[in-house]
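Structure first, commentary second.
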Amino acid sequence: MLPLKLIYDERYDLNLGAHVFPSQKYRLVYERLLQEGIASQEDFLKPMPARDEDILRVHSQDYLYKLKTGSLTRAEVMRMEVPYSTELIEACWLAAGGSILSARRAFEEGFSANLGGGFHHAYPDHGEGFCVIHDVAVAIRKMQADGAIERAMVVDTDVHQGNGTAAIFGGDETVFTMSIHQEHNYPYPKPPSTVDVNLPDGMGDADYLAILEKYLHRSFEEFSPQLLFYVAGADPYGEDQLGGLALTMEGLARRDALVMGYAQRNQVPTAVTLAGGYARKLDDTVSIHVNTIKAAIQAAQRHNVRPVSPSP
């Protein structure tokens, strides 16, 4: 049995059909983990869909109503960039429930990983960039509302800036947001995160890892989180169709180890979500995500993170 729980449901597939976002990747990651003996069935937990009351901790009542009733305007659906369907809504509520469950298990056991989620472009009142519900924000707000934590950090390594994350937590001193991304890429404009690391086009492994480490060090010096959400994007990969960085699979694996190493050393429970990933070969995206899960397993094996209780 693994030293952490993996969260997955077969309904994570967003039912997008022929689309640049390969939503079947969730099933393929799950199957690869089983086929290669990295995980067994007993290592997986199925999430419950997030409750509407928890979605409303982040999203507006009007937006939730439109999603649940299929009454989005054509312009709103176009802005999401994914076709509306009942399967889409089911998947998004499940992904949010999965990130809540992952946060809880991480807080109890040190590490956990949600094979879905990481929908960091979703705003309180609209979806965009393939993102409908901001599962990470929902999970953080739920953990805060339950009194489990006061302070959280989001480290986002997707090639695209986490604009929804920045907008939701802007001005909130209880949540530290760090986004390391390609500067000349979607989204436009980019609302300010606590820390934005804007990278030039074509950056490779060595420079990327050096810059990431510098900003991780600085971020953990400035802020002491009780929970870390690691949004592990597969799209800084050099063969990604929607990215313009040049990281290799080895470099991405080193990135994952670096982030989780900082979590270990700072005794911060860590929930991982698998974000982004549009490689020309779908198998490459799956491999990158599987490597992220392997890094989380290795981190959990090396260190027993003990949760930090909220200050009185």
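The values are calculated or read from the model by the stated rules, or taken from the named source; none is laboratory data. What you are looking at is a predicted structure, and each value in this text was computed from that prediction instead of being measured. Positions of Cβ are generated from backbone atoms using ideal geometry, with glycine treated the same way; all protein chains shown enter the neighbour counts.
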Qualifying residue in segment 144-155 (condition: within 16 Å of the chain's Cα centre (by Cα) and of a type in the set (Lys, Arg)): no
Single residue of Asp207, Asp172 found to be at pLDDT 95 or above and either closer than 20 Å to Ala137 by Cα or of a type in the set (A, V, I, L, M) (or both): Asp172
Looking only at segment 249-260, and only at residues there that are without any contact (Cβ under 8 Å) to a residue 60 or more places away in the chain and either out of contact with any Lys or Arg (no Cβ under 9 Å at 6 or more places or on another chain) or aromatic (Phe, Trp, Tyr) (or both), the one that is surrounded by the fewest Cβ atoms within 10 Å (Cβ to Cβ): Glu250
First in segment 146-164 and under 21 Å from Gln267 (Cβ atoms) and modelled with pLDDT of 95 or more, second anywhere and crowded, with 24+ Cβ neighbours inside 10 Å and of a type in the set (Phe, Trp, Tyr), Cβ under 7 Å, 6 or more apart: Ala152/Phe229; Val154/Phe229; Val155/Tyr230
Among (1) of a type outside the set (Gly, Ala, Ser); (2) modelled with pLDDT of 95 or more; (3) not in a helix (DSSP H, G or I) - the single one Gln267 does not satisfy: (2)
Index of the failed condition, Asn185 passing every other in (1) surrounded by fewer than 22 Cβ atoms within 10 Å (Cβ to Cβ); (2) of a type outside the set (A, V, I, L, M); (3) touching a helix residue (DSSP H, G or I) at 6+ places or on another chain (Cβ under 6 Å): (3)
Complete set of residues in segment 78-127 that are buried (at least 19 other Cβ atoms within 10 Å of the Cβ), out of contact with any Ser or Thr (no Cβ under 7 Å at 6 or more places or on another chain) and among the basic types (Lys, Arg): Arg104
Selected residue (criterion: farthest from Thr165 (Cα to Cα)) from residues of segment 223-248 that are in contact with a Lys or Arg (Cβ under 6 Å, 6 or more places away or on another chain) and buried (at least 19 other Cβ atoms within 10 Å of the Cβ): Gln226
Exclusive hit being touching an Asp or Glu at 6+ places or on another chain (Cβ under 8 Å), among the β-branched types (Val, Ile, Thr), buried (at least 19 other Cβ atoms within 10 Å of the Cβ) and more than 19 Å from Phe21 (Cα to Cα), set Val138, Val175, Val155: Val138
Residue count for segment 62-110, restricted to those that are among the β-branched types (Val, Ile, Thr) and without any contact (Cβ under 8 Å) to a residue 12 or more places away in the chain: 3
